[in-house]
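Working notes, structure below.
The values are calculated or read from the model by the stated rules, or taken from the named source; none is laboratory data. Since this is a predicted model, take the numbers as computed values, not measurements. In this analysis, Cβ positions are derived from the backbone assuming ideal geometry, glycine residues included, and neighbour counts consider all displayed protein chains. SASA here: full protein model, heavy atoms, side chains in, ligands and nucleic acids out. Shrake-Rupley method; radii C 1.70, N 1.55, O 1.52, S 1.80 Å.
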Amino acid sequence: MTEGRPASRAPGNPASHAPGGRSDSGNGSGNGSGNRAGWAAGLDPRSRVLLTLAWALTVVSLQGIGPLVLAVVIGLVLGLAPEFMPGFALSRAPDNRRSPWQTVRRLLPLQLFMLVLLLTLPFSVDGPTLLRLGGLSASTDGLMLALHILLKANAVLLVSVALLGHLEPARLGHALARLGLPYRLAHLLLFTVRQIQLVGEEYRRLRQAMRARAFTARTDRHTWNSLGWLMGMLLVRSFGRARRLHDAMRCRGFDGRLRPSPSFDDGAGWAWLDRVVLAGVLLGCALLVMLDRIPLGVSA
């Protein structure tokens, strides 16, 4: 038995040709996100990728503060409102949503980085002086640039979390491949996700074995030697697992090509809802760009 995969999986099963070949609406997700499909569960993964790309390109092209604030509000509605409002969904998937505060915690690292940016960027960009602290001067242009970056990053991240945050990595890889991404890059994405999980499991087992032998990390030579052996064993075992995974996939008929599930077929996966939502989002992006081009007196 290789990599803990069930022996009953037939070689012709598309899910067996790539690691983690599970649906984002199933109940057997390994990372806990498979049974939390989110409000966009009724959309085809390809349309979700296209929507995210169109929204990101639109937001980064905006220059006015007003349209950027509106984009952040839209992102808040799409990214956080579904977590607080059970009826906010495009499908009738089971309501197994994550806690709203879990979504908020996922956004905290970006906010901490943006806080550092707001505190440092005004002092590193030339322009009209806004504030003086000793020998340092903060410029208005630097503050506006930091605000632009803050608003754009949050607007893109909120919508990305709403559309792709609940999507299984395997389905994301299949969707990118169907949209024209080279197969080698799609394979790299799928295997990277799989190997990260395997390496994490192996690291936890090795650390547990060290704790069972009463190992305690200290600032001495023995600790550094033990950690060095830990990293070496982790690399060796990860390489062995990767080879066994490759052999298992070849035994299941993997020939170097992705085998997406039937739900990715154009007739079953890409439905009228995807076309309607995609057209509506593209129209909204166009209106947002037009609003950005209209002088409203509130701009950078």
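Structure summary
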| quantity | calculated |
| --- | --- |
| Any chance G79 is at pLDDT 80 or above, open to solvent by less than 70 Å² (accessible area, probe 1.4 Å) and closer than 28 Å to L62 by Cβ | no |
| Members of the stretch 181-200 that are open to solvent by less than 60 Å² (accessible area, probe 1.4 Å) and not hydrophobic (A, V, I, L, M, F, W, C) | H187, R194, Q195, G200 |
| Answer residue from the stretch 125-156, given it is within 23 Å of the chain's Cα centre (by Cα) and more than 15 Å from L115 (Cβ to Cβ) and is surrounded by the most Cβ atoms within 10 Å (Cβ to Cβ) among those | A155 |
| Residue that is nearest to R244 (Cα to Cα) [pool: residues in the stretch 188-202 that are among the aliphatic types (A, V, I, L, M) and without any contact (Cβ under 8 Å) to a residue 24 or more places away in the chain] | I196 |
| Among the residues listed as A177, A186, the single one being of a type outside the set (F, W, Y), under 30 Å from D274 (Cα atoms) and touching a His at 6+ places or on another chain (Cβ under 8 Å) | A186 |
| Tally, over the stretch 212-239, of residues that are of a type in the set (D, E, K, R), surrounded by 10 or more Cβ atoms within 10 Å (Cβ to Cβ) and assigned to a helix (DSSP H, G or I) | 1 |
